[in-house]
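Peer 1: Here it is, the structure in full.
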Amino acid sequence: QAQLVESGGGLVQAGDSLRLSCAAAGRTFSRYAVAWFRQGPGKEREFVAAISRGGGGIAYEDSVKGRFTISRDRAKDTVNLQMNSLKPDDTSVYHCAAKDWGSDFIGTTKEWYDVWGQGTQVTVSS
């Protein structure tokens, strides 16, 4: 059962950009650490980026550093993932995940998160 909703995926060419957004149903992200994971065909779900409850802690998977930016929009209560310079290897279903945590800490493993969205497809052609 999806408790988070992702949007913004699509079909693009290598070098293009997309912005993904994650919103919570019946929740506020102000109390949650939030992360993005992705899962390609036949692959395991892997960590992409995360932002802490307070926004001061940010982590990225090495392959997306310098290209992807995770941020919180407090006014809209969303967490966004700006993806620039997209590569074919970025093709995946991107999932948003969250966890209620009492400190400015972020996990980088899927096991740490307990609230998930259904995912949004990102396809990069080249």
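Peer 1: Considering the convex hull of the alpha carbon atoms of the chain, report its projected area averaged over all viewing directions, in nm², one decimal.
Peer 2: Answer in nm², one decimal: 7.2.
Peer 1: Further, regarding this structure: Using each residue's phi in segment 18-24, evaluate 6.51 cos²θ - 1.76 cosθ + 1.60 at θ = phi - 60° and report the 3J(HN,Hα) Karplus result to the nearest Hz, with x for Gly and Pro.
Peer 2: 9, 10, 9, 10, 10, 10, 9
Peer 1: Can you give the extra length, in nm with one decimal, that the chain gains between residue 7 and residue 28 once fully stretched, where that is 0.36 nm per residue apart less the Cα-Cα distance?
Peer 2: 5.8 nm
Peer 1: With no solvent and one equal point scatterer per Cα, compute the Debye intensity ratio I(q)/I(0) for segment 71-126 at 0.26, 0.28 Å⁻¹ and report its log10, rounded to two decimals.
Peer 2: Values returned for q = 0.26, 0.28 Å⁻¹ are -1.22, -1.25.
Peer 1: Okay, next question. Could you report the chain's accessible area per residue, 1.4 Å probe, as an integer in Å²?
Peer 2: Roughly 50 Å² per residue, with all protein chains present.
Peer 1: Another one. If you roll a 1.4 angstrom probe over the protein chains with everything in place, what fraction of the accessible area of the chain belongs to carbon and sulfur, to the nearest %?
Peer 2: 46 percent
Peer 1: Something else about it: For segment 33-87, state which GluC sites (Glu not before Pro) are in a DSSP loop and have at most 15 other beta carbons lying within 10 Å of their beta carbon.
Peer 2: Passing both the DSSP loop test and the Cβ count: 44.
Peer 1: I'd like the Karplus ³J(HN,Hα) series for segment 54-67: coefficients 6.51, -1.76, 1.60, θ = phi - 60°, whole numbers in Hz, and an x wherever there's a Gly or Pro.
Peer 2: So the J values, rounded to whole Hz, are x, x, x, x, 9, 9, 10, 5, 4, 5, 10, 4, x, 10.
Peer 1: If one computes the Cα centroid of segment 65-114 and of segment 1-38, what distance in Å separates the two points?
Peer 2: Spelled out, the Cα-based centre of one part sits 7 Å from the other.
The values are calculated or read from the model by the stated rules, or taken from the named source; none is laboratory data. Quick caveat: nothing in here was measured; it's all calculated off a predicted structure. Glycine gets a Cβ as well: all are built from the backbone with ideal geometry, and neighbour counts include every protein chain shown. Surface areas here come from the heavy atoms of the whole protein model, side chains and all, with no ligands, DNA or RNA. Shrake-Rupley method; radii C 1.70, N 1.55, O 1.52, S 1.80 Å.
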